[in-house]
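Peer 1: Here's a structure for you.
The values are calculated or read from the model by the stated rules, or taken from the named source; none is laboratory data. Small disclaimer: the values here were computed from a predicted structure and weren't measured. Note that we place each Cβ from the backbone using ideal geometry, even for glycine, and neighbour counts take in every protein chain shown. Accessible surface areas use protein heavy atoms only, side chains included; no ligands, DNA or RNA. Shrake-Rupley method; radii C 1.70, N 1.55, O 1.52, S 1.80 Å.
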Amino acid sequence: MNEKQEPNRPHLPWDNPRFRNWVAVAKAAHAVERAILDAMKPLDLKPAQLDMMMNIHRHPGLSQQELAERLIVGRSNITMLMPGLMARGLVSREIDAKDKRVQRLALTPDGAALLMEALELYSQLIDKAMGAATPEECDLVGTQMMKMVEILKADQAAS
């Protein structure tokens with residue numbers, strides 16, 4: 001029992017430092033997501049579209065299926081967002097030379113230019129949000145978050 005907890009009081013989750021700190025992480029993530037949404041408005045990009053473009057840039061030639069797997073979203077989400085990027089001339093699709101059923105994604109020159117502009121805003125926002133932490137503290141946060149992901153992935157794989 002928590003030393004501060006009264007004998008007849010039930011254990012409440014916010015008495016647990018792990019719970020309190022997780023809520024702080026979740027609030028911070030939500031605040032960053034909202035800030036990214038606001039920062040991308042002048043560029044007419046949704047955060048999900050930015051994520052798609054970042055992955056296409058980092059891994060040129062992905063299929064939509066591969067992109068969906070990287071983003072951990074369904075193909076339908078990609079299918080809904082891709083037409084907007086293509087209509088704006090930001091992303092192109094090319095038929096795979098080995099498998100004509102597969103279309104490979106690439107950023108167009110306009111898409112690459114817009115992505116670089118978006119990444120500058122995104123980087124500034126993250127630098128501001130993480131500015132109170134030392135580089136070592138930032139690394140610790142990242143390491144702890146990745147450990148959480150691995151623990152939860154292992155639980156999902158076991159069930």
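Peer 1: Put +1 on the Cβ of each Lys and Arg and -1 on the Cβ of each Asp and Glu in segment 7-60; which of TRP14, LEU50, ALA26 then has its Cα farthest toward the positive end of the dipole?
Peer 2: Comparing the listed Cα positions along the dipole, TRP14 ranks first.
Peer 1: What does the extension gain come out to for THR79 and VAL149, with contour length at 0.36 nm per residue minus their alpha carbon separation?
Peer 2: 22.6 nm
Peer 1: How far apart, in nm, are two points set 7 Å out from the Cα along the Cα-to-Cβ line at LYS100 and at LEU37?
Peer 2: Inter-label distance under the simple model: 4.4 nm.
Peer 1: Report the trypsin sites (Lys or Arg not before Pro) located in segment 23-108 that are in a DSSP loop and have at most 14 other Cβ atoms inside 10 Å of their Cβ, or state none.
Peer 2: Taking segment 23-108 and a limit of 14 other Cβ atoms within 10 Å, the loop trypsin sites (Lys or Arg not before Pro) found are LYS98, LYS100, ARG101.
Peer 1: Only Cα pairs within less than 10 Å get springs; with that Gaussian network setup on the chain, which residue of ASN16, ASN55, ASN77 has the largest fluctuation?
Peer 2: Maximum among the listed residues: ASN16.
Peer 1: Kindly identify segment 79-142 as rounded, prolate or oblate by the Cα gyration tensor criterion: order the square roots of the eigenvalues as a ≥ b ≥ c, call it rounded if a/c is under 1.5, otherwise compare a/b with b/c, prolate if a/b is larger, else oblate.
Peer 2: Here segment 79-142 falls in the prolate category.
Peer 1: Please report, ordered by residue number, every helix of the chain (full DSSP H runs) that is 15 Å or longer along its axis going by C-alpha atoms and whose mean Kyte-Doolittle hydropathy reaches 0.5.
Peer 2: Helices meeting the criterion: 75-87.
Peer 1: From Cα pairs below 8 angstrom and at least 6 apart in sequence, can you work out the relative contact order of segment 27-136, rounded to a whole percent?
Peer 2: 29
Peer 1: Okay, next question. Using the crude model of +1 on Lys and Arg Cβ and -1 on Asp and Glu Cβ, and no other charge, please compute the dipole size for segment 1-130 relative to its Cα centre, in debye to 20.
Peer 2: 280
Peer 1: Related question: Please report the base-10 log of the normalised intensity I(q)/I(0) for the chain, using a Debye sum with one equal scatterer per alpha carbon and no solvent, at each q in 0.20 (1/Å).
Peer 2: So the normalised log intensities are -1.32.
Peer 1: Follow-up. Roughly to the nearest percent, how much of the accessible area of segment 1-113 is carbon and sulfur, given a 1.4 Å probe?
Peer 2: 56
Peer 1: Further, regarding this structure: Just to be sure I understand: with springs between alpha-carbon atoms less than 10 Å apart, which residue in GLU69, GLU117, GLU33 has the highest mean-square fluctuation in the Gaussian network model of the chain?
Peer 2: GLU69
Peer 1: May I pose another question? Of LEU121, LEU62, LEU12, which is the most mobile in a GNM of the chain whose springs link Cα atoms less than 10 angstrom apart?
Peer 2: With Cα springs under 10 Å in the chain, the top fluctuation among LEU121, LEU62, LEU12 is at LEU12.
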